[in-house]
Amino acid sequence: MPIPIPRKPSGYFYGLRDANVQVEAFIDIQCPHSKLAWPSLVALKEHYAKGEIGLAVHLITLSNHRQAWDVSKGIFALAGDDTEKFFGFASYLYARQSDYYNGPFLHKTHQDLLNLIADFAHDFAGFNKDEMLKLIGTNEVYTDARTPIRFASTKGVWATPTFFLNSSDLVGKFSEEPSLEEWRAVIDPRL
């Protein structure tokens, strides 16, 4: 069986692909550490909104986050190729992470999770619930959602959040909740 070629590169991209500074972030929508780091990625995107950097956010699923796979497919279904929708819906979902975390879902079904994702999409964007349920099950969304974890494995990513600056791993460079100032300290000298 041939390995399928993704229809687009991994991740949601913001900024310029040929900027001198390229940031890659690998996050999991159910990861509490990714949730803590998320505001700094939003701040990074907003601070460098004139395109001084390239920012690629790769949504991956860790094995111990049972609901993350379907929630991620919901993000891909709603956002499609729209980076702004991705950032908006991811922010919305991180604010509601406790609703789909392992504990609250211990005795719930897969269909309960899919219905919750459809409810989230409807509440966030007025997205039709039946359409969301249909899209989550498509091959296109499946392929879009699995591409980032395959890309992550080529870079040795095994935990979230993981950050790279110009392909160099930034492990140990930031606090658990990285601030915009921490990001600027490593980015600005390279601009």
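Structure above, values below:
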| read-out | value |
| --- | --- |
| Hey, D18 of a type in the set (D, E) and either touching a Gly at 6+ places or on another chain (Cβ under 6 Å) or part of a loop (DSSP other than H, G, I, E, B) (or both) or not | yes |
| Odd one out for H65 among (1) surrounded by fewer than 19 Cβ atoms within 10 Å (Cβ to Cβ); (2) without any contact (Cβ under 8 Å) to a residue 60 or more places away in the chain; (3) part of a loop (DSSP other than H, G, I, E, B) | (1) |
| Condition check for K73: crowded, with 22+ Cβ neighbours inside 10 Å, in contact (Cβ under 8 Å) with a residue 60 or more places away in the chain, basic (K, R) and over 28 Å from A185 (Cα atoms) | yes |
| Residue, farthest from P178 (Cα to Cα), within the stretch 40-70, restricted to residues that are among the acidic types (D, E) and more than 14 Å from the chain's Cα centre (by Cα) | E52 |
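The rows are residues; the columns are (1) surrounded by 13 or more Cβ atoms within 10 Å (Cβ to Cβ); (2) within 18 Å of the chain's Cα centre (by Cα).
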{"position": "Y101", "(1), (2)": "yes, yes"}
{"position": "L106", "(1), (2)": "no, no"}
{"position": "I117", "(1), (2)": "yes, yes"}
{"position": "A121", "(1), (2)": "yes, yes"}
{"position": "G126", "(1), (2)": "no, no"}
{"position": "D130", "(1), (2)": "no, no"}
{"position": "L133", "(1), (2)": "yes, no"}
{"position": "Y142", "(1), (2)": "yes, yes"}
{"position": "P148", "(1), (2)": "yes, yes"}
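Residues are listed down the side, and each one gets a yes or a no for (1) at negative phi; (2) at pLDDT 95 or above; (3) among the basic types (K, R):
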{"residue": "I3", "(1), (2), (3)": "yes, no, no"}
{"residue": "K8", "(1), (2), (3)": "yes, no, yes"}
{"residue": "A49", "(1), (2), (3)": "yes, no, no"}
{"residue": "I53", "(1), (2), (3)": "yes, yes, no"}
{"residue": "R66", "(1), (2), (3)": "yes, no, yes"}
{"residue": "S91", "(1), (2), (3)": "yes, yes, no"}
{"residue": "L106", "(1), (2), (3)": "yes, no, no"}
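The values are calculated or read from the model by the stated rules, or taken from the named source; none is laboratory data. Source: prediction; values computed, not measured. Ideal geometry is used to build each Cβ from the backbone, glycine not excepted, and the neighbour counts take in all protein chains shown.
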